[in-house]
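Notes to accompany the following structure.
The values are calculated or read from the model by the stated rules, or taken from the named source; none is laboratory data. This one's a predicted model, so the numbers in the text were calculated from it and none came from an experiment. Quick reminder, even Gly has a Cβ in these numbers, built from the backbone with ideal geometry, and neighbours come from all protein chains shown.
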């Protein structure tokens, strides 16, 4: 089923910068990888430099029902302000290891593991953890260096199918997700082509570049693609212009939704 089949509108996604986006789905409000710190440096094996503030503060968010946290181990996905925010959120879904490290309201989801959430007014939303690989090569070779990452697929009766990729650099998981859930309606794709030349994986991609993001959209059959994780950090090597060019070259520019920066 597509947006037209379900007679519903596309999902409005507010993008705050970096990997952080807010959307409502089935009456619940979801936030991805919260990063609300001011610009500055973080030392995490390699130095991470945040170059721009978010487009809004955590005080602008209003009610948050669920945080979808792709991983808790890197400050460009969960910074100090983001960690503080989790204490006031009823549920944080993340990796199995992250669920143990964070404790409290955090719950880890293994690959293809699902949880059902009650919708206001009745019915449920199903959130399924899906695989992601945060770097080049096989998962077992990458995770000792960059850690475990989880993506999410959200489904529900008379709701669009929505995918949040997390920090994923491989199209192989995307193909698996498309086989199980496709075609998808909305894909929130982490992009930005982050690299650390001379430091980590010899500068190979840690997350999708713009051309791969366009290819992922094609594989998924996604009708709405909201890219995140492509600005506000020095190690992101491709931004808005490259995304527009890549989706235009793939004939998918009409599906690209750059969100609302306000």
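Within the range 199-208, can one find any residue that is more than 14 Å from the chain's Cα centre (by Cα) and at pLDDT 95 or above?
No: the range 199-208 contains no residue that is more than 14 Å from the chain's Cα centre (by Cα) and at pLDDT 95 or above.
Can you tell me which of 154, 184 is surrounded by 14 or more Cβ atoms within 10 Å (Cβ to Cβ), part of a strand (DSSP E or B), touching a strand residue (DSSP E or B) at 6+ places or on another chain (Cβ under 7 Å) and touching a residue at least 24 places away in the same chain (Cβ under 8 Å)? If you could, list the steps in order and put the result at the bottom.
Numbers: 184 fails: part of a strand (DSSP E or B).
Exactly one residue qualifies, and that residue is 154.
Per-residue answers, yes or no, for (1) outside any loop (DSSP other than H, G, I, E, B); (2) crowded, with 18+ Cβ neighbours inside 10 Å:
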residue: 198; (1), (2): no, no
residue: 202; (1), (2): yes, no
residue: 215; (1), (2): yes, no
residue: 238; (1), (2): no, yes
residue: 248; (1), (2): yes, no
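List the pairs whose first member sits in the range 161-172 and is in contact (Cβ under 8 Å) with a residue 24 or more places away in the chain and at positive phi, whose second member is part of a loop (DSSP other than H, G, I, E, B) and crowded, with 24+ Cβ neighbours inside 10 Å, and whose Cβ atoms are under 6 Å apart, counting only residues at least 6 apart or on separate chains?
166/70
Only residues that are modelled with pLDDT under 95, farther than 20 Å from residue 227 by Cα and surrounded by 14 or more Cβ atoms within 10 Å (Cβ to Cβ): list them for the range 9-48, please.
If the condition is that a residue be modelled with pLDDT under 95, farther than 20 Å from residue 227 by Cα and surrounded by 14 or more Cβ atoms within 10 Å (Cβ to Cβ), then 42, 48 are the ones that fit.
Pick from the range 115-147 the residues that are within 15 Å of residue 190 (Cβ to Cβ) and modelled with pLDDT of 95 or more: which of them is surrounded by the most Cβ atoms within 10 Å (Cβ to Cβ)?
Here the residue is 132.
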